[in-house]
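K.L.:
One structure, pasted below without further comment.
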Amino acid sequence: MTMLINNVPTNRKQVAFTFDDGPDPIYTPQILDIFREAGGRATFFMVGSQIDKSPEVARRVQEQGHEIGNHTYTHPRLIDLSEADREEELLRTHRSIESLTGAAPRTFRPPYLAYDEQVELAARKLGYAAIGAVNSEARDWDQPGVDHILQATRAEANPGAILLFHDGFGDRSQTVEAVRRLVSELTEQGYSLVTVSELLASGSEARQFG
């Protein structure tokens, strides 16, 4: 069965915050400020059409040491597309990120977490790790309230967890406030806030030496 990577077995107290659908000129900078103050890093799964609208925000994400992953160009359900259209969605954003930052993305998250063997094949052609999350019940995209986002995420915030939030497409003020509190709580508990690629590397070390 084709599976996304939702968490990474690790011996270290680490979590990966991830943000979909940006960059956004209002909410992405607020997220960046939270992580700068906390001394942590995150992964931003960017939509290519949004990079075109806010390239300076995308560049700032990269300059501040965060990871940029591929979240397609127009945010379609990739499982509904033809092979050619699927690959074009990924390749167009791949090239955009590489052109903007000087580095090719290494991670990918399918919109709506819609993933199958055909999507896996397209991702593998570009060398991507396909990333899910443990806290999809938080549903921050629906603006369910800060308390709901917090409770659903706290229940899943364990070492190696990949946490899903959104910084684009709509009012993300609830997400910003929830993330502000979660970052504070988790760092106080001794967690390091790392990128997805850093977490994957940590998991590889755990498998090698564990």
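K.L.:
Working carefully through the options Ile97, Ile79, find the one that is farther than 22 Å from Asn6 by Cα and assigned to a helix (DSSP H, G or I).
P.N.:
Ile97
K.L.:
A follow-up question, please. May I ask you to list pairs of residues, at least six apart or on different chains, whose Cβ atoms are under 6 Å apart, with the first in region 141-161 being closer than 13 Å to Tyr191 by Cβ and assigned to a helix (DSSP H, G or I) and the second being of a type outside the set (A, V, I, L, M, F, W, C) and open to solvent by less than 80 Å² (accessible area, probe 1.4 Å)?
P.N.:
From region 141-161, the pairs are Thr153/Asn135.
K.L.:
If you scan region 151-192, which residues turn out to be aromatic (Phe, Trp, Tyr) and touching a helix residue (DSSP H, G or I) at 6+ places or on another chain (Cβ under 7 Å)?
P.N.:
Of everything in region 151-192, just one residue is aromatic (Phe, Trp, Tyr) and touching a helix residue (DSSP H, G or I) at 6+ places or on another chain (Cβ under 7 Å), namely Phe165.
K.L.:
Return yes when Arg77 is free of Cβ contacts under 8 Å to residues at least 60 places away in the same chain, farther than 20 Å from Pro23 by Cβ and in contact with a Pro (Cβ under 8 Å, 6 or more places away or on another chain) and no when it is not.
P.N.:
Here the answer is yes, as Arg77 does meet what is asked.
K.L.:
Okay, next question. Would you check which residues across region 5-29 are of a type outside the set (D, E, K, R), assigned to a loop (DSSP other than H, G, I, E, B) and open to solvent by 30 Å² or more (accessible area, probe 1.4 Å) and list them?
P.N.:
Residues satisfying the conditions are Asn6, Pro9, Asn11, Pro25, Ile26.
K.L.:
Scan region 39-75 for residues that are hydroxyl-bearing (Ser, Thr, Tyr) and buried (at least 24 other Cβ atoms within 10 Å of the Cβ) and jot them down.
P.N.:
Thr43, Thr72
K.L.:
Sticking with this structure for a sec: Looking only at region 104-138, count every residue that is farther than 22 Å from Gln14 by Cα and of a type outside the set (A, V, I, L, M, F, W, C) and tell me the total.
P.N.:
Result for region 104-138: 11.
The values are calculated or read from the model by the stated rules, or taken from the named source; none is laboratory data. What you see is a predicted model, and the numbers here were worked out from it, not measured in a lab. When we count neighbours, we look across all protein chains shown, and the Cβ atoms used for this are built from the backbone with ideal geometry, even at glycine. Just the protein is used for accessible areas: all its heavy atoms, side chains included, with ligands, DNA and RNA removed. Shrake-Rupley method; radii C 1.70, N 1.55, O 1.52, S 1.80 Å.
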